[in-house]
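A quick write-up on the structure given underneath.
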Amino acid sequence: MRKNTVKPTLTRNRRSRASRLRLPALVVLLVLFLSGRPLDGRRHSNGTFWIAGTRRVGRPAYLVTWQWWALAAGWQRLGLRLTALAAVAMVVVGVVAR
């Protein structure tokens, strides 16, 4: 087995730089929510924000149930998320349920 040739100072600098650049989980979740991307952070189709997907990437079991959602364009997912969020906010405030 070969000896590790990476200098300890380089490794230490890389670790500290990575920890400084890590965003809190709530901010990451908010960005994923507002950009219409899947909330688990993985790609499930070959679609983009403007173009709907034509095929799935990988075959997780739960995508069979949510096939349209997985293949929808990002703007479609964003629209549905914001609509649901607005409806919940209106119910909480009392605009809809009077």
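The values are calculated or read from the model by the stated rules, or taken from the named source; none is laboratory data. These numbers come from a predicted model, not from an experiment. All Cβ positions, glycine included, derive from the backbone under ideal geometry; neighbour counts span all protein chains shown.
For the reader, a short list of remarks on this structure follows.
- Checking every residue in the range 36-50 against the condition of being at pLDDT 90 or above and not hydroxyl-bearing (Ser, Thr, Tyr) gives at least one match.
- Within the range 72-90, the residues that satisfy the criterion of being of a type in the set (A, V, I, L, M), more than 12 Å from residue 48 (Cβ to Cβ) and without any contact (Cβ under 8 Å) to a residue 40 or more places away in the chain are 80, 82, 84, 85, 86, 87, 88, 89, 90.
- Taken over the range 51-62, the criterion of being surrounded by 10 or more Cβ atoms within 10 Å (Cβ to Cβ) and either closer than 20 Å to residue 79 by Cα or modelled with pLDDT of 85 or more (or both) is satisfied by 51, 52, 53.
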